[in-house]
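Everything on this sheet refers to the single structure shown next.
Readers should treat all values here as calculations from the given coordinates under stated rules, not as data from a laboratory. All of these numbers come straight from a predicted model, not from anything done at the bench. Counting neighbours? That spans all protein chains shown, and the Cβs are built from the backbone with ideal geometry, glycine included.
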Amino acid sequence: MFPEYDVIVVGAGHAGCEAAVGAANMGAKVMLVTMNMNTIAQMSCNPAMGGVAKGQIVREIDALGGYSGMVTDHTMIQFRMLNKSKGPAMWSPRAQSDRMLFAAEWRKRLENNPLIDFWQEMATGLVVKNGVVKGVKTSLGLEIPSKTVILTNGTFLNGIIHIGEKQFGGGRAGERAAKGLTEQLQELGFESGRMKTGTPPRVDGRSLDWEAMETQPGDEVPSKFSYTDTPTLKKQRPCHITYTNKEVHETLKEGFNRSPMFNGRIQGLGPRYCPSIEDKIDRFAQRDRHQLFVEPEGWDTCEIYVNGFSSSLPEDVQYKAMRKIRGFENAKMFRPGYAIEYDFFQPTQLRATLETRLVKNLFFAGQINGTTGYEEAGAQGMMAGINAALAIKDQEPFILKRSEAYIGVLIDDLINKGTTEPYRMFTSRAEYRILLRQDNADMRLTPLVKAIGMLHLDERMARVNEKNEAVEQIKKYFRKNSIHPDQANSYLDSKNSSKMKQRDKLLPLLTRPHITIEGLRGCQAELDNYLKGFDNECLEIAEIAMKYEGYIKKEEELVGKMNRLESVNLSEKLDYSQFVSLSAEAREKLNKLKPRTIGQASRISGVSPSDVSVLLVHLGR
Amino acid sequence: MIQNESNLQHDLSKTIVAQATPIGSGAIAVIRMSGSQTFTILKKFFKNKRLETAKSHSVLFGNFVDSNGTVIDEVLVSIFRNPTSYTKEDIAEISCHGSSFIINQIIKILIEGGAQLAQKGEFTMRAFLNGQMDLAQAEAVADLIASTSEKAHQMAMAQLKGNISKQIQALRERLINFASLMELELDFSEEDVEFADRTELVNLLNETNTTVSKLLESFDTGNAIKKGIPTVIAGRPNSGKSTLLNSLLKEERAIVSDIAGTTRDTVEEVFILAGMEFRLIDTAGIRQTDDVVESIGVQKAIEKIKGAALLLFVFDASTSTVEEVQSDIEKYRIPNQEIILIANKLDKISPAQKTVFESLENMIFISAKDTSQIDVLEHKISDWASQKMADDILISNHRHYEALQKTKVSLLQVLQGLEHQMPTDLIAIDIRQALHTLGEISGIISTDDLLDNIFSNFCIGK
């Protein structure tokens, strides 16, 4: 019934969809197996993409040829560039999307790709022969043969949903859990664990008092995610902000004895940075209010997502407490919040390609690896898809360095450190933040995937070349051309910058704090005229490159230093138990993880700096 | 003596041996052996039945024989058992008689028995590799071995005990705290968290910066302790500088005559006082001269004064006026330089003349005939020096100094960034840089050449 596929992707969430795209655009024949064709690319939690560090990841996925950025651009209802008041490393795009349009747009794009086939059924097992995966078994007893398999099961593996004292199997509200895979993987020798995450109630927007809440509008000049020619927003829907209060907290506390979080029924590890409301009240008892973001679920729906009110308390307690929130006095609930527990596999069992060490050609991506977030999932899916396709062609794996992409940081952290709570990206996880900006993801990454044969990159590559050229030209202009004190001084003065005494080049002026290209072009007509030949994006990148050159250089130097450790290779055949001088923990971890380089070894938790010195010395360095 | 200078190779399964005492003849010499085979090898040649059962840190007496059973020497063997030894391995230290024939024989026999000749710094390398010490401590061993005065020894010991590592660790922790406050603002800007108070951050940073600066300042002192405190005797010709040098050294080191300008070149001698080492430098008398050789000497004297931590300025009380002395000092002394004024030829002046000079600060009267005042001078010198060296933690290592200096630069950039209200993410880059450079000291970030550099500074068998 089925031909042999190059890649089977199990699961059609954010990781699964990007995995299918990544593999197909590398020329692989892909089968996407999902339990329900109608829930492809669901936003199971909040209807938003991006945010601090996550927005950078979406742009990186787009730069690699993924679809998350384009889908978001076509379906967003609000766009904000976060952290605009901070330095360029921190600018982070974030969009509210129309949940239903988002899923529809994804499905349309997947269907438009002739290399992707679909099968709607639960995958219940893998076909594994001699340590190599050969295909997937389904609940009907079918076998789909394939050269590689990517598992992106999300929260579905033995998922259990908790609402108060009620608990039932399920992978998402209203959907069945997936059974069988975990058990088989355990038999194959994989270590599994349990994690927990939660989601807040959805409410009826028609029942809320919008006047009582603060309005949070989108940007006046909205930007977007994709480097391709996607549309920007002409009109936007605002979000709103309100707060909990003491009364809300007291009411919630009444239900604590029936909370699965507190009575020990939930054993999985939840994220510290995305706690449920009951967790916040419990752990930060001194705070008498917590901020809530009231987010619309789409253009034409009254369904509202109450961001910050995630809860697994009994539905009656959620309801009662919610109605004590300002603006929510008459709120009607569509569905209560819930907590979900699911199986994950410590990502230290993976190689940098996301292939498992235990079973050849089997890849894991997304929440199955202990991560959280659409963006983190999509990024892993993309990388697994690309590497699965490369594995078939026997090509070199595609691995991004920590200095090249947040995606590189993400995967490097996962495979070396593992995780004890759902892993989310933060900018502080990246040591080269100023290099990994949202504005230059295409310049960093598109040439890299182009080089390994990714299809459909022409538009992005043309844009990369255009940007590189524009930046060079603008930089040259600022280096060569000068400005007279009479032209610049009143502007400088207005920015509390010292006045010029004689003509000076534009470049040194631009590097002063608070001085911008926009401000300078207001001072001099020639400059303004010259810059009219460039679009805003190019101007912005050129400005960053010139203004922050010192900092960029500093980080580049650090990268150079660190890359020396990255270039010292370690053989996978190395038996670390012979190095008696390593700590016992380091020996065990190194034997288990088999790092590719000294640099990677240095980031494995349990491997101390002196262990690294020992390795260097042993290698005769 | 057999020596092996080739590149370090680190096969920890091998048992290594080398002479631990300096090469050259002495009453006794110590040969040290370390590794898992130490006692198995030694058993073949050392005749004492208790070798295998003796407790760690005990000493055994017996004959050392060759493979034919011929006695080479009567020796004492100190036993250190893994892991309570310097290298965390089994160690035997063989004290034999200090003849180079015996030493070479014993080492040769042990090598034939399965040991390998240790390479430069290999014992310490093993201690480091076996997790016995961090990088800063390993460096301290090199200093310890080279220490020539009590104070230098104390300083190396302090570093070996990890005092500097501890201080750096404390600094790092402070900076990490600071960095995390910044990161909080960056990663959670959209969330409802309270941000760090800028004035508090600046205070924290200033405090950290002060600690770093203090450590940096201690480098001069630390270096002086390690290499001897440069102490220059200067003054006009024939004021008695060389006499003073000889009195302090208690030997006729410099030629003394009544002829002005006898000392043409600088004379340098090591002088130990109260456990501290001084580099006592006698210089040519400073005056205008047409004599080419003498004028070179004068020039040299002026240069030496510039490099001195302590200036002993000598003048002839019977021929100088207070004004002359004051103007000389103003001319030659560098700002803030510690100075002791020494009025010579006390026996040739009247009590009234003496009173005039007593108005000058830090004044001592001496005379060649009465050396009792030399004790007073010695006290003055040692008081000053021990006060100056009182800081508990001193930096004496160049690598540490450089790393601290880079750290300071980064810290100042952080402060500057805060002042100019630079974006937090850019400020964070400098904090990370500071963390990086601090980490280099205790080897938290260790690069390969760092290691090579450190370990190549060791002598064999130490």
**Asked** From the cross-link list A:K166/A:K592; A:K246/A:K332; A:K253/A:K332, which pairs have alpha carbons spaced over 32 Å apart?
**Response** A:K166/A:K592
**Message:** With just the Cα atoms defining each centre, how far is segment B:340-390 from segment B:163-230? Give it in Å.
**Reply:** 43
**Message:** Quick one: 3J(HN,Hα) in Hz for segment B:67-81, Karplus 6.51/-1.76/1.60 with θ = phi - 60°, rounded, Gly and Pro as x.
**Reply:** 5, 8, x, 6, 6, 8, 6, 8, 10, 10, 10, 8, 10, 10, 9
**Request:** Provide the per-residue ³J(HN,Hα) series for segment B:200-206, in order, calculated from phi with Karplus coefficients 6.51, -1.76, 1.60 and θ = phi - 60°, each as a whole number of Hz, with x at glycine and proline positions.
**Result:** 5, 4, 4, 4, 4, 5, 4
**Span from the segment A:396-441 Cα centroid across to the segment B:24-70 one, whole angstrom** = 56
**Fill in**
If R0 = 30 Å, then B:V293 and B:V409, at their Cβ-Cβ distance, give a FRET efficiency to the nearest 0.05 of 0.10
**Asked** Under a no-solvent Debye model with one identical scatterer per Cα of segment B:233-376, what's log10 I(q)/I(0) at q = 0.08 Å⁻¹?
**Response** -0.19
**Request:** Counting other beta carbons within 10 Å of each Cβ, put A:Y227, B:Y86 in order, fewest first.
**Result:** B:Y86, A:Y227
**Asked** Fewest to most neighbouring Cβ within 10 Å: what's the order for A:M1, A:M261?
**Response** A:M1, A:M261
**Request:** Output the pairs from A:K573/B:K55; A:K84/A:K495; A:K29/A:K573; A:K86/A:K224 with a Cα-Cα distance over 29 Å in this structure; if there are none, say none.
**Result:** A:K573/B:K55; A:K29/A:K573
**Item:** Relative pair counts by distance (%), Cα atoms of segment A:479-542, 10 Å bins
**Value:** 21, 59, 19, 0
**Message:** For peptide B:430-439, what's the mean number of Cβ atoms from other chains within 10 Å of each residue's Cβ?
**Reply:** 2
**Message:** Taking each pair of distinct Cα atoms in segment A:560-606 once, what is the resulting Kirkwood hydrodynamic radius in Å?
**Reply:** 10.9
**Partner aspartates and glutamates for A:K134 [C-alpha distance under 15 Å; skip if fewer than 8 residues away on the same chain]** = A:E4, A:D6, A:E143, A:E355
**Asked** Put +1 on the Cβ of every Lys and Arg and -1 on every Asp and Glu Cβ in the protein assembly as shown; which of B:S189, A:I160, B:A403 then has its Cα farthest towards the positive end of the dipole?
**Response** A:I160
**Message:** From the helices alone, meaning DSSP H stretches of at least four residues, give me the mean residue ellipticity at 222 nm for the protein assembly as shown, per-run term -39500 (n - 2.57), in deg cm²/dmol to the nearest 500.
**Reply:** -12500 deg cm²/dmol
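Quantify how much of the Cα-Cα distance distribution of segment B:293-375 extends past 16 Å, in percent.
Counting pairs separated by more than 16 Å, the tail of P(r) holds 55 percent.
Only Lys, Arg, Asp and Glu count, each charged at its Cβ (+1, +1, -1, -1), so figure out the dipole size of segment A:247-336 about its Cα centre, rounded to 20 debye. Let's see the in-between values first.
Working: 14 positive and 14 negative charges, 61 e Å.
The calculation lands at about 300 debye.
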**Item:** Student exercise, chain A dipole from Lys, Arg, Asp, Glu Cβ charges, in Debye to nearest 20
**Value:** 1140
**Request:** Please pull out the direction-averaged projected area of the protein assembly as shown, using the convex hull of its alpha-carbon atoms, in nm² to one decimal place.
**Result:** 57.9
**Message:** Using a 7 Å offset from Cα along Cα-Cβ at A:N330, what residues in segment A:243-267 end up with backbone N under 14 Å from the label point?
**Reply:** none
**Message:** For A:G171, what residues show an amide H to amide H distance below 5 Å, using hydrogens built from the backbone and excluding near sequence neighbours?
**Reply:** A:R176, A:A177
**Item:** Overall dimensions of segment B:16-132 as given by Cα atoms, namely Rg and Dmax in Å
**Value:** 13.2, 40
**Fill in**
Of the DSSP H helices in chain A, the ones reaching 20 Å or more along their long axis in Cα terms and averaging at least -1.0 in Kyte-Doolittle hydropathy are A:374-392
**Asked** Taking the Cα centre of each part, how many Å lie between segment A:233-294 and segment B:274-304?
**Response** 79
**Request:** Evaluate the charge dipole of segment A:136-248 about its Cα centre and quote only its size in Debye, nearest 20, assuming +1 on the Cβ of each Lys and Arg and -1 on the Cβ of each Asp and Glu.
**Result:** 300
**Message:** Between A:K450 and A:K553, how high is the FRET efficiency from 1/(1 + (r/R0)^6) when r is the Cβ-Cβ distance and R₀ = 22 Å? Nearest 0.05.
**Reply:** 0.25
**Complete:** The long-range amide H neighbours of A:L292, using H built 1.01 Å from N in the peptide plane and a cut-off of under 5 Å, are A:T242, A:Y243, A:T244
**Fill in**
Projected onto the charge dipole of the protein assembly as shown (unit charges on the beta-carbon of Lys, Arg, Asp and Glu, signs +1, +1, -1, -1), the Cα from B:I381, A:A321, A:Y338 with the largest positive-side position is that of A:Y338
**Request:** At q = 0.09, 0.10, 0.15, 0.18 Å⁻¹, what is the base-10 log of I(q)/I(0) for segment A:357-472 according to the Debye formula with one equal point scatterer per Cα and no solvent? Please give it to two decimals.
**Result:** -0.27, -0.34, -0.75, -1.03
**Message:** Give me B:E330, A:E588, A:E543 sorted ascending by neighbouring Cβ count inside 10 Å, so fewest comes first.
**Reply:** B:E330, A:E588, A:E543
**Complete:** With R₀ set to 45 angstrom, the calculated FRET efficiency between the beta-carbons of B:I28 and B:I374, to the nearest 0.05, is 0.75
**Whichever lysines have a C-alpha closer than 19 Å to that of B:K304, once near sequence neighbours (fewer than 8 apart) are set aside** = B:K226, B:K227, B:K241, B:K331
**Prompt:** Can you tell me the Rg and the Dmax, both Å, for the Cα atoms in segment A:182-229?
**Reply:** 22.2, 57
**Complete:** With x for Gly and Pro, the residue-by-residue ³J(HN,Hα) of segment A:300-309, computed from phi through the Karplus equation 6.51 cos²θ - 1.76 cosθ + 1.60 at θ = phi - 60° and given in whole Hz, is 10, 10, 8, 5, 10, 9, 9, 5, x, 10
**Request:** Provide, as a two-decimal number, the C-alpha radius of gyration of chain A over 2.2 N^0.38 Å, N being how many residues it has.
**Result:** 1.02
**Asked** Per the Debye formula with a single identical scatterer at each Cα and no solvent contribution, what log10 I(q)/I(0) holds for segment A:252-347 at q = 0.11 Å⁻¹?
**Response** -0.36
